[in-house]
1. Of the residues Glu42, Glu29, only one is in contact with a Leu (Cβ under 9 Å, 6 or more places away or on another chain), on the phi < 0 side of the Ramachandran plot and free of Cβ contacts under 8 Å to residues at least 12 places away in the same chain; which?
2. For the range 1-60, which residues satisfy the criterion of being surrounded by fewer than 16 Cβ atoms within 10 Å (Cβ to Cβ), assigned to a loop (DSSP other than H, G, I, E, B) and of a type in the set (Ser, Thr, Tyr)?
3. I'm told Gly107 meets every condition in (1) surrounded by fewer than 19 Cβ atoms within 10 Å (Cβ to Cβ); (2) within 22 Å of Met22 (Cα to Cα) except one. Can you identify the failing condition by its number?
4. Please enumerate the residues belonging to the range 39-71 that are touching a helix residue (DSSP H, G or I) at 6+ places or on another chain (Cβ under 8 Å) and more than 16 Å from Leu95 (Cβ to Cβ).
5. Taking the stated definitions as given, is Gly28 small (Gly, Ala, Ser), in contact with a Phe, Trp or Tyr (Cβ under 8 Å, 6 or more places away or on another chain) and modelled with pLDDT of 95 or more?
6. Please name all residue pairs, on different chains or six or more residues apart, with Cβ atoms under 9 Å, provided the first residue is in the range 62-79 and is more than 16 Å from the ligand (Cβ to nearest atom) and the second residue is assigned to a loop (DSSP other than H, G, I, E, B) and polar (S, T, N, Q).
7. Pick from Asp101, Asp134: which is of a type in the set (Asp, Glu), in contact (Cβ under 8 Å) with a residue 24 or more places away in the chain and outside any strand (DSSP E or B)?
Amino acid sequence: MSDNKITVLYGTETGNSELIAMDICSAGEELGLECENFGMEEIEHDDFASFNNLLIVCSTWGDGEQPDNAVELYEFVEGLGDGDLSDTKFSVLALGDTAFDLFCEAGIQWDNVLEEKGASRVHDRVDCDVDYEDDAEEWIESVLKVFS
Ligand SMILES: Cc1cc2nc3c(=O)[nH]c(=O)nc-3n(C[C@H](O)[C@H](O)[C@H](O)COP(=O)(O)O)c2cc1C
């Protein structure tokens, strides 16, 4: 895999995160960046540590829980050793709803676990409310500059 390739993984129940993942790759390709996106349930767990430039877009469901398609991958990453992701640069876009007590909890968990396993946060996490479009667009523009 090319060192510069951006991998976007989305955790979603109703598709918002998937749409954003597609927007990231369209914007990235316009900048001449190589970009691929996958649902979190689609990837082989053993490939995870090879995603050097990783963008996570993840909503929160239930009561502060991971969306269904993110649960198994999240558990796998939780089980990695400290330092296993030392070649990974990452940033997280969290989707949620401020009406819930555990606002954007799943995205917060991703942000924390990636750092815990040795990955480097290259851009601050952004937590989006239900009207996520403007915040997401701003994060995409800003985060892609890091990888340009
Ligand atoms: C049943 C239900 C439970 C939800 N639980 C939470 C929650 O605990 N915390 C939060 O911040 N947002 C919560 N949300 C809001 C979603 O994360 C938000 O609508 C998000 O944009 C959905 O993105 P997705 O289509 O990618 O899944 C919930 C929404 C629904 C419908």
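1. Of the residues listed, the single one that is in contact with a Leu (Cβ under 9 Å, 6 or more places away or on another chain), on the phi < 0 side of the Ramachandran plot and free of Cβ contacts under 8 Å to residues at least 12 places away in the same chain is Glu42.
2. Answer for the range 1-60, where residues must be surrounded by fewer than 16 Cβ atoms within 10 Å (Cβ to Cβ), assigned to a loop (DSSP other than H, G, I, E, B) and of a type in the set (Ser, Thr, Tyr): Ser2, Thr14.
3. Here Gly107 meets the rest and fails (1).
4. Within the range 39-71, Glu41, Ile43, His45, Phe48, Asn53, Leu54 meet the criteria.
5. Here the answer is yes, as Gly28 does meet what is asked.
6. Glu75/Gln66
7. Asp101
This table checks each residue for (1) over 24 Å from Glu138 (Cβ atoms); (2) loosely packed, with under 15 Cβ neighbours inside 10 Å.
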residue: Asp82; (1), (2): yes, yes
residue: Ser91; (1), (2): no, no
residue: Asp97; (1), (2): no, yes
residue: Phe103; (1), (2): no, no
residue: Asp111; (1), (2): no, no
residue: Glu115; (1), (2): no, yes
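The values are calculated or read from the model by the stated rules, or taken from the named source; none is laboratory data. What you are looking at is a predicted structure, and each value in this text was computed from that prediction instead of being measured. Using ideal geometry, Cβ is built from the backbone for each residue, glycine included, and neighbour counts are taken over all protein chains shown.
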